[in-house]
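The values are calculated or read from the model by the stated rules, or taken from the named source; none is laboratory data. None of the values given here were measured: they were computed from a predicted structure. Positions of Cβ are backbone-derived with ideal geometry, glycine not excepted, and every protein chain shown enters the neighbour counts. Quick note on the areas: whole protein, heavy atoms, side chains included, nothing else; ligands and nucleic acids left out. Shrake-Rupley method; radii C 1.70, N 1.55, O 1.52, S 1.80 Å.
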Amino acid sequence: MQYKSYMCVICGFVYEEEKGLPEQGIPPGTPWEDVPGVWQCPDCGAAKDDFELVEI
(Lines give C-alpha, C1' and ligand atoms only; values in the text may rest on other atoms or scores of the structure.)
Protein backbone atom coordinates (compact mmCIF):
# COMPACT_ATOMS: atom_id res chain seq x y z
CA MET A 1 0.00 0.00 0.00
CA GLN A 2 1.18 3.50 -0.84
CA TYR A 3 0.88 5.75 2.21
CA LYS A 4 0.40 9.48 1.81
CA SER A 5 1.28 12.53 3.89
CA TYR A 6 -0.78 15.66 4.46
CA MET A 7 0.65 18.97 5.67
CA CYS A 8 -1.08 21.71 7.64
CA VAL A 9 -0.89 24.87 5.52
CA ILE A 10 -1.02 26.97 8.70
CA CYS A 11 1.91 25.58 10.74
CA GLY A 12 3.57 22.86 8.64
CA PHE A 13 2.62 19.87 10.83
CA VAL A 14 2.62 16.69 8.72
CA TYR A 15 0.13 13.83 9.18
CA GLU A 16 1.64 10.60 7.86
CA GLU A 17 -0.86 7.82 7.16
CA GLU A 18 1.80 5.17 7.82
CA LYS A 19 2.44 6.48 11.37
CA GLY A 20 -1.05 7.70 12.26
CA LEU A 21 -1.42 9.51 15.58
CA PRO A 22 -1.88 6.74 18.17
CA GLU A 23 -1.80 9.25 21.04
CA GLN A 24 -4.95 10.79 19.52
CA GLY A 25 -6.64 7.45 18.84
CA ILE A 26 -5.69 7.29 15.14
CA PRO A 27 -3.82 4.00 14.60
CA PRO A 28 -0.88 3.61 12.20
CA GLY A 29 -2.02 2.96 8.63
CA THR A 30 -5.16 5.10 8.93
CA PRO A 31 -5.95 6.70 5.54
CA TRP A 32 -6.58 10.45 5.53
CA GLU A 33 -10.18 9.84 4.43
CA ASP A 34 -10.76 7.88 7.66
CA VAL A 35 -9.45 10.63 9.96
CA PRO A 36 -12.55 12.17 11.59
CA GLY A 37 -13.76 15.43 10.01
CA VAL A 38 -13.73 17.14 13.41
CA TRP A 39 -10.05 16.29 13.94
CA GLN A 40 -7.76 19.31 14.39
CA CYS A 41 -4.04 19.86 13.90
CA PRO A 42 -2.32 18.89 17.16
CA ASP A 43 0.15 21.78 16.84
CA CYS A 44 -2.04 24.76 15.92
CA GLY A 45 -5.68 23.59 16.07
CA ALA A 46 -6.33 24.10 12.34
CA ALA A 47 -9.21 22.20 10.75
CA LYS A 48 -8.71 19.06 8.66
CA ASP A 49 -9.66 21.19 5.63
CA ASP A 50 -6.46 23.19 6.17
CA PHE A 51 -4.29 20.20 5.19
CA GLU A 52 -2.94 19.48 1.71
CA LEU A 53 -1.46 16.34 0.18
CA VAL A 54 2.34 16.55 0.02
CA GLU A 55 4.93 14.43 -1.74
CA ILE A 56 7.73 13.44 0.64
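Remark: the stretch 10-20, residue by residue, has Karplus-estimated 3J(HN,Hα) of 7, 10, x, 4, 10, 8, 10, 4, 4, 8, x Hz, where x stands for each Gly or Pro and the curve is 6.51 cos²θ - 1.76 cosθ + 1.60 at θ = phi - 60°. Summing Cβ point charges (Lys, Arg +1; Asp, Glu -1) relative to the Cα centre of the stretch 1-55 gives a dipole of roughly 80 debye. As a ratio to 2.2 N^0.38 Å, the alpha-carbon radius of gyration for the chain is 1.00. Amide H contacts for residue 54 (H built 1.01 Å from N in the peptide plane; partners 5 or more residues away or on another chain; cut-off under 5 Å): 5, 6, 7. Annotation note: GluC sites (Glu not before Pro) in the chain located in DSSP loop regions with a Cβ neighbour count of at most 14 within 10 Å are 18, 55. Could you look at the chain and say what percent of its accessible area is carbon and sulfur, using a 1.4 Å probe and all protein chains? Of the solvent-accessible surface of the chain, carbon and sulfur hold 48 percent. At full extension, residue 16 and residue 39 could sit 6.8 nm farther apart than now, given 0.36 nm per residue minus the alpha carbon distance.
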